[in-house]
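This report refers to the structure that appears directly beneath it.
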Amino acid sequence: MLKQTIENLGNRTIQGVWRMGFAMRFFVTILLHSGTAFRRFGLTIRELYFSGVLSLIIILVSGLFVGMVLGLQGYETLQTYGAEESLGILVSLSLVRELGPVVAALLFASRAGSAITAEIGLMKATEQLSAMEMMAVDPIARVVAPRFWAGVISMPLLAALFSAMGIFGGYLVGVKLIGVDEGAFWSQMQNAVDFEQDILNGVIKSVVFGVAITAIALFEGYDAPPTAEGVSGATTRTVVTSSLVVLALDFVLTAFMFRGIG
Amino acid sequence: MNKTVLDLWVGLFVIAGIAALLFLALKVGSTSAITASDSYEVVARFENIGGLKLRAPVKSAGVVVGRVADIQFDNETFEAAVTLRLDKRYAFPKDSSAAILTSGLLGEQYIGLDAGGDSVKLKAQDRILITQDAVVLEKLIGRFLYDKAQEGAPQ
């Protein structure tokens with residue numbers, strides 16, 4: 001019994017390390033085979049449509065609502081200190097620094113990441129990838145790399161749209177609904193938000209998240225067992241793993257970027 | 001290539017994304033960092049800088065004219081050497097004074113620059129000689145209590 005447990009544990013660990021190594025090799029292979037994705041940019045544009053454009057609605061609507069909630073909640077708290085003019089700072093900083101990149105990445109993982117995994121997994125299960133190899137078409141270059149770059153390109157754009165929409169939502173609730181002074185709202189925001197410190201770091205975060213999510217989604221799809229169960233399990237794993245990785249990476253990046261300067 | 005509609009959507013998406021980035025950069029954020037080419041640095045020494053932080057504004061007559069570029073502790077004089085990066089458009093007399101002030105009751109601390117009357121202007125790497133330290137609340141209360149006690153003491 002005990003022996004069995006230890007054996008299982010060891011087996012799982014080895015499998016995990018194995019998978020990790022395979023994932024890394026897969027990632028490097030994507031990077032090495034990226035030439036086609038740029039030479040035949042039409043392929044990447046197609047994927048940009050599926051992972052970027054089709055994610056727009058969920059990103060814009062959630063950004064608007066997140067910003068509106070921030071406006072309401074922030075006003076409630078700031079009001080007790082008589083600092084409701086700082087609402088713009090609160091809304092914009094929390095969106096640009098954290099919520100924009102992170103929530104957009106979580107939505108992107110569940111909206112686009114899962115679709116990528118299911119697509120690649122099914123392509124593998126129906127042996128489309130093998131067929132491509134048979135025709136001397138490299139499936140990594142033809143199928144995987146365009147999806148990877150499309151994800152990496154669309155993620156920062158989506159995060160920026162999320163932040164912009166959220167600030168607009170905060171503006172709607174704060175200025176139009178509650179009646180915070182409009183001039184103070186924008187000018188305090190401009191005073192507090194720094195381009196390099198806040199906005200550029202937010203963009204860097206979203207690019208890193210884009211790389212992580214698409215790489216995980218592609219790998220899970222490519223590695224999925226070629227069965228219905230296998231593909232569904234891989235899709236679930238994509239969402240779970242990439243969400244966790246996004247949150248963990250966010251902590252690491254934040255620790256690097258905002259070490260209490262300024 | 002029969003993908004024009006799709007291309008259109010992707011183009012719109014990319015343009016919207018870049019527009020959002022521009023909105024964040026221009027309307028929401030500001031590049032507070034004055035570049036080295038259009039600024040000059042002067043040093044002011046304080047015995048106590050209180051809660052002054054890097055990149056805090058330097059204001060004269062309430063207008064932001066520069067930022068705090070560097071804060072060092074001088075181990076020989078045991079003072080704080082604060083480097084102010086001032087906008088080149090503004091020249092100040094050599095005998096200007098710098099004070100560490102607080103905006104509002106609980107606000108952030110900034111450096112207030114009061115222009116003097118000298119005809120010679122401050123140059124890069126000059127030192128502002130007249131400085132006023134940050135107000136430390138404990139010292140203020142201590143002095144107030146001391147004064148009160150003095151008043152109440154029998155002559």
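Would you be able to say whether some residue in the stretch B:34-41 is part of a strand (DSSP E or B), touching a Ser or Thr at 6+ places or on another chain (Cβ under 8 Å), within 25 Å of B:Asp133 (Cβ to Cβ) and within 14 Å of chain A (Cβ to nearest Cβ)? No - not one qualifying residue is present in the stretch B:34-41. Once the stretch A:23-37 is narrowed to residues that are surrounded by 12 or more Cβ atoms within 10 Å (Cβ to Cβ) and over 22 Å from the mean Cα position of the chain (by Cα), the residue that is farthest from the other protein chains (Cβ to nearest Cβ) is A:His33. State yes or no: is A:Leu56 within 14 Å of chain B (Cβ to nearest Cβ) and at pLDDT below 90? Answer is no for this residue. Can you confirm whether A:Lys205 is crowded, with 24+ Cβ neighbours inside 10 Å and among the charged types (D, E, K, R)? Here the answer is yes, as A:Lys205 does meet what is asked.
The strands (runs of 3 or more DSSP E) found wholly in the stretch B:77-155 and carrying at least 2 residues that are touching a helix residue (DSSP H, G or I) at 6+ places or on another chain (Cβ under 9 Å) and closer than 26 Å to A:Asn191 by Cα occupy B:79-87.
Regarding the stretch A:130-146, can at least one residue be identified that is within 14 Å of chain B (Cβ to nearest Cβ) and in a helix (DSSP H, G or I)? Within the stretch A:130-146 (the criterion being within 14 Å of chain B (Cβ to nearest Cβ) and in a helix (DSSP H, G or I)), the answer is yes, since at least one residue qualifies.
What do you reckon, is A:Leu122 over 14 Å from the mean Cα position of the chain (by Cα) and of a type in the set (A, V, I, L, M)? Considered against the rule, which asks whether it is over 14 Å from the mean Cα position of the chain (by Cα) and of a type in the set (A, V, I, L, M), A:Leu122 comes out as yes. Residues of the stretch A:94-110 include at least one that is of a type in the set (Asp, Glu), surrounded by fewer than 21 Cβ atoms within 10 Å (Cβ to Cβ) and closer than 26 Å to A:Val252 by Cα.
For beta carbons closer than 6 Å, sequence separation of 6+ or different chains, a first residue in the stretch A:174-200 that is more than 9 Å from chain B (Cβ to nearest Cβ) and a second that is not in a helix (DSSP H, G or I), the qualifying pairs are A:Gly174/A:Val180.
Annotation note: of B:Ala69, B:Ala56, B:Ala81, the sole residue that is touching a Phe, Trp or Tyr at 6+ places or on another chain (Cβ under 8 Å), within 14 Å of chain A (Cβ to nearest Cβ) and aliphatic (A, V, I, L, M) is B:Ala56. When each of A:Asp194, A:Asp181 is tested for being among the acidic types (Asp, Glu), surrounded by 18 or more Cβ atoms within 10 Å (Cβ to Cβ) and at pLDDT below 90, the lone residue that passes is A:Asp194.
The values are calculated or read from the model by the stated rules, or taken from the named source; none is laboratory data. Since we're looking at a predicted model, the values are computed, not measured. For neighbour counting, all protein chains shown are included, and Cβ atoms are generated from backbone atoms with ideal geometry for every residue, glycine included.
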